[in-house]
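Everything below concerns the one structure shown next.
Derivation of every value follows stated rules applied to the coordinates shown; laboratory data play no part. On a predicted model such as this, the values are computed, not experimentally measured, just so you know. As a convention, Cβ positions derive from the backbone with ideal geometry for all residues, glycine included, and neighbour counts pool all protein chains shown.
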Amino acid sequence: MTDYGICSYTVIQFCGYLLQLLPMLFLLYVPCRQELLRFPKSRILLCLSLFFALMSALSAVFLSVLVWQGADVTAVRWAANILFLADIVAGTVVYFNSFRVKAGGTVFFYTVVLEYGIILYILNEIWTRFVPVVSEKYAPYDIVTLLVYAVCTAVTYPAIYRSFIRFKERKLWEVSRRNLRMITACAAIIVILTVVALQMEVGLRGLHSSMTEKIYESILLGCILLANVISYVIYFFCMVLEQEREKMASRASAYEMQYASVREGMDRERRMHHNLRHHFRTLGVLAADGQNEELQEYIRSYMKELDDFELRKVSGNPIIDSVLSYYIQQAEEAEINVTCDIQVRGDYLFDIKDMTVLIGNAMENALKASAGCAEGVGYIRFVMKQYRRSILIKIENKVCPGNIVGNLKKKRSERSYGLDSIELITEKYEGSMEAWQEGDVFILRVVLNMPDGREKGSDKG
């Protein structure tokens, strides 16, 4: 090989190493949160890029020396693979030591990135089955190989990058550690089995050379590639489903606790009303006996008990009062003004669980959106009216600077502030929900079509 050939060979090998290493490097840190890293992400990527560029240059020069000394193609390929493995090991050590604390999903992402590198290799192998090699001396990379790697990376990298960004936004690493370990172990096993299968394929490739065998080998490689891609798609979907399941379980637990609190408040009110006649009897006895001091002390004790347990009467309906009283108290503590205009039948038997979910989410939305306002600026207006079987609920609240409100245009799973839960309740009652923002005011309007026979004493109630 001439001096010009040696120089061109060195440049091609240098570019080949970079085309394989850099896409994997920049994918590794996409889902990583800055607060978990020891150093700024940009500095880590810059240092590793310079390191890989230096290692690629040294590896290319070393391979050029081997070729210039007349080493055979097999020896050159083995040397190239060992050097590439050394780069991977060095990058692996830096990656796992760049985290200041143990973070979930790091091993899983590492195996996914390795698998992406293997997928690019498989695509290149399929292509080279049908395109003649420029020269066996240009091993392991030649012009055709560089072109294939560049095209495959340009086509696949954006989709993989967006998937990692989506993974980061959804915080899918927050699934249970047990499930994350299982998925990570499966991903690592897939990488190992793929490498073994590719080694077996390399051995078979040397035994046959006809076009038919090349087609069969390409189909085999394609099946391995598709199986790996489908496996990771399944893993991502499983992690999404697991995260949704855990969120629903947490939300259900919170609603159960809130429901239990509301029920406890209603039971206390019933006991208070039930015990009224006993209190009046005691008051009568004390008054008849002229025990004024004891009478006054008893009245003070009773009034304190009444203040501690009495629910706010905002509607006259015990179920609505029970749910709303908690959030009105929260608003007062946050110095948020709440006004209520409620016109519903006092004897109407609302489903307490549904009202807890609906009103609870709506009021939590309003409280979060109004939080942080200047004193006296935040407000919530709660309107609830009943027209025969229809219930209209309208909530207006101030949106303070920096707070985010819900967006109906998003998918249900991506909405914030519990709009998805509210919509589920409206669908249950064949109603509708609208939410929009006018300036710094967020408005939620819900219409429910209640079933017949919900009054007290109804057979259906």
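Structure values in brief
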{"item": "Proportion of all alpha-carbon pairs of segment 1-114 beyond 21 Å (%)", "result": "43 percent"}
{"item": "Label-point separation in nm, residue 94 to residue 193, each point 7 Å along Cα→Cβ", "result": "3.3 nm"}
{"item": "Burial ordering of 327, 161, fewest other beta-carbon atoms within 10 Å first", "result": "161, 327"}
{"item": "Per-residue Cβ neighbour rank within 10 angstrom, fewest leading, 99, 350, 236", "result": "99, 236, 350"}
{"item": "Semi-axes of the equivalent ellipsoid for segment 346-388, Cα gyration tensor, largest first, Å", "result": "27, 13, 7"}
{"item": "Distance between modelled label sites at residue 34 and residue 330, nm, 7 Å Cα→Cβ extension", "result": "3.1 nm"}
{"item": "Förster-model FRET efficiency, 22 Å R0, residue 155 and residue 26, C-beta, rounded to 0.05", "result": "0.85"}
{"item": "Tail weight of P(r) past 17 Å, computed on alpha-carbon pairs of segment 1-43, percent", "result": "53 percent"}
{"item": "Local electrostatic count at residue 222 - Lys and Arg +1, Asp and Glu -1, tallied over other residues with Cβ under 11 Å", "result": "-1"}
{"item": "Largest-first principal axis extents of the Cα set of segment 70-124 (Å)", "result": "49, 24, 8"}
{"item": "Cβ-based exposure ranking for 184, 74, in which fewest neighbours within 10 Å come first", "result": "74, 184"}
{"item": "21 Å Cα-Cα threshold exceeded, pairs from 353/394; 368/394; 353/385; 168/428; 385/428; 398/428", "result": "168/428; 398/428"}
{"item": "Cα-based equivalent ellipsoid, segment 56-96: semi-axes from gyration tensor eigenvalues, Å", "result": "24, 10, 4"}
{"item": "Distance (nanometres) between label positions extended 7 Å along Cα→Cβ at residue 54 and residue 292", "result": "9.7 nm"}
